[in-house]
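Undergrad: One structure, as structure tokens, below. Some questions next.
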Amino acid sequence: MGGTWIMLILIVIIAIYGCMIYNTLVKMRNSVKEAWSDIEIQLKRRYDLIPNLINAVKGYMQHESGTLEKIVQARTAAMNSTGKMEEMSRNEGVISNALKSIFALAENYPDLKANTNFLELQRELRDTEDKIQASRRFYNGNVLAFNTKIEQLPNNIIASMFHFEKQNFFEMDAIEKNAAYNPVKVEF
């Protein structure tokens with residue numbers, strides 16, 4: 001009789017511990033989703049600012065229409081992406097590089113640099129870019145914690161039983177990494 005109680009207590013302890021692990025994994029998965037949502041909000045803000053920037057610089061940068069078209073195409077591609085992490089990362093890298101090109105080209109247009117509308121848009125876009133970077137770091141930190149948790153014993157047993165899957169990091173693609181280490185060169 002005493003052995004039955006011990007077995008029953010052990011089963012209850014294991015069940016409670018399993019529930020605690022499950023709840024922790026659910027909480028961490030939701031934190032990853034929340035962090036991803038923050039990235040999407042900042043990206044939408046960037047997408048909304050780009051047409052205003054294009055309109056502000058269009059009159060000044062008539063000779064740079066190729067650069068402006070690249071931004072429009074990159075924005076369209078990013079907005080129409082399928083949601084796959086690799087595709088989104090690649091599209092976001094293209095947009096970041098195109099925006100850097102516009103700001104570098106603006107240095108050659110004194111009237112544009114003095115335009116208060118352009119300066120405000122430039123400030124807002126830089127602020128948005130900073131927020132995107134912060135959101136990416138926050139997201140990647142949550143992904144790291146979640147992935148580590150589901151790979152550790154005994155969490156991996158519960159994670160596999162309930163189909164918790166590793167999440168992908170939001171990484172810079174090769175284009176964006178190259179631009180980060182090699183600033184945009186503007187030549188005429």
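The values are calculated or read from the model by the stated rules, or taken from the named source; none is laboratory data. Note that the structure is predicted; figures quoted are calculated from it, not measured. Because the Cβ atoms are built from the backbone with ideal geometry, glycine has one as well, and the counts that use them run over all protein chains shown.
Undergrad: Those residues that are part of a loop (DSSP other than H, G, I, E, B), touching a residue at least 60 places away in the same chain (Cβ under 8 Å) and surrounded by 12 or more Cβ atoms within 10 Å (Cβ to Cβ), I need them from the stretch 107-121; list them, please. Working first, answer last.
TA: Let us first name the residues in the stretch 107-121 that are part of a loop (DSSP other than H, G, I, E, B), namely 107-109, 115.
Retained after the next criterion (residues that are touching a residue at least 60 places away in the same chain (Cβ under 8 Å)): 107-108.
Asn108, the sole residue that qualifies.
Undergrad: Under 8 Å between Cβ atoms, at least 6 apart or on separate chains: pull out the pairs that start in the stretch 80-91 with a residue that is touching a residue at least 60 places away in the same chain (Cβ under 8 Å) and end on any residue that is aromatic (Phe, Trp, Tyr).
TA: Sorted first by the residue in the stretch 80-91, then by its partner, the pairs are Met85/Phe169; Met85/Phe170; Met88/Phe170; Ser89/Phe170.
Undergrad: Same structure, new question: Which pairs turn up if I take residues in the stretch 128-156 that are farther than 14 Å from Trp36 by Cβ and look for partners that are crowded, with 20+ Cβ neighbours inside 10 Å and among the aromatic types (Phe, Trp, Tyr) with beta carbon separation below 8 Å, at least 6 apart in sequence or on another chain?
TA: Pairs that qualify, where the first residue is farther than 14 Å from Trp36 by Cβ and the partner is crowded, with 20+ Cβ neighbours inside 10 Å and among the aromatic types (Phe, Trp, Tyr), are Ile150/Phe164.
Undergrad: Does the stretch 158-168 contain any residue that is polar (S, T, N, Q), out of contact with any Cys (no Cβ under 6 Å at 6 or more places or on another chain), under 21 Å from Val57 (Cβ atoms) and touching a residue at least 12 places away in the same chain (Cβ under 8 Å)? Show your work before the answer.
TA: Filtering the stretch 158-168 down to residues polar (S, T, N, Q) leaves 160, 167-168.
Then keep just the ones that are out of contact with any Cys (no Cβ under 6 Å at 6 or more places or on another chain); that gives 160, 167-168.
Applying the additional criterion that residues be under 21 Å from Val57 (Cβ atoms) yields none.
No, the conditions are met nowhere in the stretch 158-168.
Undergrad: May I pose another question? Checking the structure you have, find out if any residue of the stretch 18-33 is surrounded by 18 or more Cβ atoms within 10 Å (Cβ to Cβ), in contact with a Lys or Arg (Cβ under 8 Å, 6 or more places away or on another chain), part of a helix (DSSP H, G or I) and modelled with pLDDT of 95 or more. Spell out the reasoning first.
TA: Step one: of the stretch 18-33, the residues surrounded by 18 or more Cβ atoms within 10 Å (Cβ to Cβ) are 21, 25, 28-29, 32.
In the following step, the residues that additionally are in contact with a Lys or Arg (Cβ under 8 Å, 6 or more places away or on another chain) were identified as 25, 28.
Then keep just the ones that are part of a helix (DSSP H, G or I); that gives 25, 28.
Restricting the remaining residues to those that are modelled with pLDDT of 95 or more gives 25, 28.
Yes, the stretch 18-33 contains a residue that is surrounded by 18 or more Cβ atoms within 10 Å (Cβ to Cβ), in contact with a Lys or Arg (Cβ under 8 Å, 6 or more places away or on another chain), part of a helix (DSSP H, G or I) and modelled with pLDDT of 95 or more.
Undergrad: Could you go through the stretch 90-97 and let me know if any residue there is touching an Asp or Glu at 6+ places or on another chain (Cβ under 8 Å), within 30 Å of Asp111 (Cα to Cα) and not in a helix (DSSP H, G or I).
TA: no
Undergrad: Based on this model, can you work out whether Tyr47 counts as more than 17 Å from Val143 (Cβ to Cβ), of a type in the set (Phe, Trp, Tyr), without any contact (Cβ under 8 Å) to a residue 60 or more places away in the chain and out of contact with any Cys (no Cβ under 6 Å at 6 or more places or on another chain)? Break it down stepwise before answering.
TA: Details: more than 17 Å from Val143 (Cβ to Cβ): yes; of a type in the set (Phe, Trp, Tyr): yes; without any contact (Cβ under 8 Å) to a residue 60 or more places away in the chain: yes; out of contact with any Cys (no Cβ under 6 Å at 6 or more places or on another chain): yes.
Considered against the rule, which asks whether it is more than 17 Å from Val143 (Cβ to Cβ), of a type in the set (Phe, Trp, Tyr), without any contact (Cβ under 8 Å) to a residue 60 or more places away in the chain and out of contact with any Cys (no Cβ under 6 Å at 6 or more places or on another chain), Tyr47 comes out as yes.
Undergrad: Under the condition of being crowded, with 18+ Cβ neighbours inside 10 Å, of a type outside the set (Gly, Ala, Ser) and in a helix (DSSP H, G or I), which residue from the stretch 55-66 is farthest from the chain's Cα centre (by Cα)? So that I can check it myself, show each step before the final result.
TA: Step one: of the stretch 55-66, the residues crowded, with 18+ Cβ neighbours inside 10 Å are 56-57, 60-61, 64.
Keeping just the survivors that are of a type outside the set (Gly, Ala, Ser) gives 57, 60-61, 64.
This time we only want the ones that are in a helix (DSSP H, G or I), so: 57, 64.
Numbers: Val57: 27, Glu64: 29 Å.
Across the stretch 55-66, the extreme among qualifying residues is Glu64.
For (1) assigned to a helix (DSSP H, G or I); (2) of a type in the set (Lys, Arg); (3) farther than 28 Å from Asn147 by Cα, each residue gets a yes or a no:
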site: Glu40; (1), (2), (3): yes, no, no
site: Lys44; (1), (2), (3): yes, yes, no
site: Leu49; (1), (2), (3): yes, no, yes
site: Lys70; (1), (2), (3): yes, yes, yes
site: Met88; (1), (2), (3): yes, no, no
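Undergrad: With Thr116, Thr76, Thr67, Thr128 as the choices, which residue is at pLDDT 85 or above, in contact with a Leu (Cβ under 7 Å, 6 or more places away or on another chain) and more than 30 Å from Leu153 (Cα to Cα)?
TA: Numbers: Thr116 fails: in contact with a Leu (Cβ under 7 Å, 6 or more places away or on another chain); Thr76 fails: in contact with a Leu (Cβ under 7 Å, 6 or more places away or on another chain); Thr67 fails: at pLDDT 85 or above.
One residue alone meets the criteria, Thr128.
Undergrad: Only one of these conditions is not met by Val94: (1) surrounded by fewer than 20 Cβ atoms within 10 Å (Cβ to Cβ); (2) modelled with pLDDT of 80 or more. Which number is it?
TA: Val94 satisfies all of (1) surrounded by fewer than 20 Cβ atoms within 10 Å (Cβ to Cβ); (2) modelled with pLDDT of 80 or more except (1).
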